[in-house]
């Protein structure tokens, strides 16, 4: 199981800013290790964000997203205290779900 | 026996309810976010076929899509990019790097109040054009681009 995500969700005026840092190697499948063997691709393929029980973001990602991916999104029509649920799934089927609350 | 029948009925009922909701226009198909991984597009090895495989082969150039990225990135392993679409009813944004081995980096759908704005960090092997594609609710595609110069490539790990 991967390390927990770091999530920051904060209201700025009428818009919530959601930033998430995911802990993941994001191997491209093109890199070689010290012994010259190709390191197999291992990367997050899918992310979803739900706020207050509604799906707001659905994303698909490739190997060219940097290691330990950081994403930032903005959501309107939500409020302080709404629950934010973020989920990712990688190409090996590993997954992780973390929750946060929108802060003031 | 009875329990099985009940489960089957429940399953059928749920599917029926979704179909009814779609028919009634409560759930518009465009609002049901796609979940199938677009492998063909993500594995496309050049920009043109990646664009074609996300349906944006004939996207119109638009300056309403704003790409915020450094002119010169010192570290190609971490290039911060922020894409905002000012086109009304943008429902999806894709980000591509022309000269990367696999150009398509990410595609994001927005719903239920999410603004068409995505910030992410990209790997770039070399100096390249970064393209952003926005899809609007009427099914049209628009694109914008920005060149990012890379001094140290990001694909060596």
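The values are calculated or read from the model by the stated rules, or taken from the named source; none is laboratory data. All values derive from a computational prediction rather than experimental measurement. Here Cβ is always computed from backbone atoms with ideal geometry, including for glycine, and neighbour counts include all displayed protein chains.
Can you find, within region B:122-153, the residue that is nearest to the chain's Cα centre (by Cα) among those that are within 9 Å of chain A (Cβ to nearest Cβ) and buried (at least 24 other Cβ atoms within 10 Å of the Cβ)? Going through the qualifying residues, I end up with B:122. Restricting attention to region A:62-76 and to residues that are in contact (Cβ under 8 Å) with a residue 40 or more places away in the chain and in a loop (DSSP other than H, G, I, E, B), the residue that is nearest to the other protein chains (Cβ to nearest Cβ) turns out to be A:66. Of the strands (runs of 3 or more DSSP E) entirely within region B:54-112, those holding at least 1 residues that are within 25 Å of residue A:29 (Cβ to Cβ) occupy B:79-85, B:90-97, B:104-110. Scanning region B:73-85 for residues that are modelled with pLDDT of 95 or more and away from chain A (no Cβ under 13 Å) gives no hits. Might you let me know whether region B:70-91 holds any residue that is touching a helix residue (DSSP H, G or I) at 6+ places or on another chain (Cβ under 9 Å) and either touching a residue at least 12 places away in the same chain (Cβ under 8 Å) or surrounded by fewer than 16 Cβ atoms within 10 Å (Cβ to Cβ) (or both)? Yes: one or more hits. Each residue in region B:36-52 was checked for being touching a strand residue (DSSP E or B) at 6+ places or on another chain (Cβ under 8 Å) and closer than 19 Å to residue A:46 by Cβ, and 6 of them qualify.
Taking region B:92-121 as the search range and keeping residues that are within 18 Å of residue B:57 (Cβ to Cβ) and in contact with a helix residue (DSSP H, G or I) (Cβ under 7 Å, 6 or more places away or on another chain), which one is farthest from the other protein chains (Cβ to nearest Cβ)? Per the criteria, the residue is B:98. Among the residues making up region B:53-72, those that are away from chain A (no Cβ under 14 Å) and under 19 Å from residue B:108 (Cβ atoms) are B:56, B:59, B:62, B:64, B:65, B:67. Among the residues of region A:20-29, is any more than 12 Å from every other protein chain (Cβ to nearest Cβ), part of a loop (DSSP other than H, G, I, E, B) and out of contact with any strand residue (DSSP E or B) (no Cβ under 7 Å at 6 or more places or on another chain)? Checking region A:20-29: at least one residue is more than 12 Å from every other protein chain (Cβ to nearest Cβ), part of a loop (DSSP other than H, G, I, E, B) and out of contact with any strand residue (DSSP E or B) (no Cβ under 7 Å at 6 or more places or on another chain). Answer with yes or no whether residue A:46 is in contact (Cβ under 8 Å) with a residue 40 or more places away in the chain and within 9 Å of another protein chain (Cβ to nearest Cβ). Against the criterion (in contact (Cβ under 8 Å) with a residue 40 or more places away in the chain and within 9 Å of another protein chain (Cβ to nearest Cβ)), residue A:46 qualifies.
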